[in-house]
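Written out below as structure tokens is the structure these notes cover.
The values are calculated or read from the model by the stated rules, or taken from the named source; none is laboratory data. This one's a predicted model, so the numbers in the text were calculated from it and none came from an experiment. Reconstructed Cβ throughout: ideal geometry from the backbone, glycine too, with neighbour counts over all protein chains shown.
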Amino acid sequence: MQNQKNIACLIVDDEAVARDIIATHLSKIENVSVVANCSNAIEAFNIISSHNIDLLFLDINMPEITGISFAKSINKDIKIIFTTAYRNYAVEGFELQAVDYLLKPISFERLLKSINVYFKVYGHNKPNAEPFTETNHFMFVRSDRRMLKIDFEAIIYIESFSDYIKIHLANETIVTRETISAIEAKLPKHQFLRIHRSYIVSIPHINSFTNEHVEINNKALTISRSYKKEVLERLEQY
């Protein structure tokens with residue numbers, strides 16, 4: 001979007017994975033920059049004291065100082081998008097006139113909607129302006145104490161093992177400590193499809209499918225009953 005004010009964002013969440021997901025999503029949006037990310041309210045207060053922050057992504061359920069308490073203590077010119085894994089905090093969040101309330105795991109599309117609301121209400125954005133678009137074609141994941149860059153096109157499928165996932169590429173498999181729902185939130189929905197509690201597949205890499213299985217990379221992966229309707233509807237569109 002041309003001539004649009006750049007928005008300075010701060011991410012506050014005690015979970016590193018949650019911060020990484022939000023930062024990755026924001027990196028795909030024009031006119032938005034992440035000044036810093038913090039694991040607690042004290043760190044965030046120091047950043048706010050030394051930087052001009054426009055928009056705060058604030059986790060509600062944090063130790064010591066909760067997001068709600070912190071929100072009440074900061075400059076009201078800083079707008080807030082609350083993030084949490086618990087639905088029951090929504091009412092209190094909106095009483096503080098939050099821009100939005102995002103339930104984890106946060107998808108790119110849902111966060112993008114919140115950003116567009118912010119620009120429309122506070123950024124003097126034209127109501128009929130085109131929404132911001134996704135520009136990145138990769139993500140970063142933590143593996144062996146490093147953040148690895150993975151191109152979306154290189155991913156064949158993703159497999160879950162409790163709190164770990166295996167990201168299967170053509171020539172290697174990357175293991176990272178993350179939930180499959182968290183990694184799903186980072187993926188472009190037009191390119192990937194959840195077919196089972198334990199599987200996400202890359203649609204371009206699918207060789208064939210039936211009502212029960214998706215064949216990909218010479219493996220037959222089960223389509224679970226709860227995902228079957230959506231999976232078949234999506235695949236039959238191609």
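Pick out the one residue from ILE155, ILE180, ILE167 that is under 22 Å from ASP20 (Cα atoms) and either among the small types (Gly, Ala, Ser) or under 17 Å from the mean Cα position of the chain (by Cα) (or both).
ILE180
Across the stretch 1-44, which residue is modelled with the highest pLDDT among those that are within 13 Å of the chain's Cα centre (by Cα) and among the basic types (Lys, Arg)?
Restricting to residues being within 13 Å of the chain's Cα centre (by Cα) and among the basic types (Lys, Arg), the top hit is ARG19.
Among what's in the stretch 85-121 and is closer than 20 Å to VAL17 by Cα and part of a strand (DSSP E or B), pick the residue that is modelled with the highest pLDDT.
Restricting to residues being closer than 20 Å to VAL17 by Cα and part of a strand (DSSP E or B), the top hit is LEU102.
Which count do you get for residues in the stretch 10-66 that are charged (D, E, K, R) and farther than 17 Å from ALA182 by Cβ?
Number of matching residues: 4.
Given the residues ILE11, ILE29, ILE60, which is the only one that is assigned by TED's automatic domain parsing to the domain that holds TYR101, buried (at least 21 other Cβ atoms within 10 Å of the Cβ) and in contact with a Ser or Thr (Cβ under 7 Å, 6 or more places away or on another chain)?
ILE60
Test GLU159 against the criterion of being at pLDDT 90 or above, touching a His at 6+ places or on another chain (Cβ under 8 Å) and in a strand (DSSP E or B), and give yes or no.
yes
Surrounded by fewer than 12 Cβ atoms within 10 Å (Cβ to Cβ), at pLDDT below 85, farther than 22 Å from ASP20 by Cα and acidic (Asp, Glu): is that true of GLU130 in this structure?
Yes; evaluated as a whole, the condition is true for this residue.
Would you tally the residues in the stretch 191-215 being touching a strand residue (DSSP E or B) at 6+ places or on another chain (Cβ under 8 Å) and either under 14 Å from GLU153 (Cα atoms) or among the charged types (D, E, K, R) (or both)?
13
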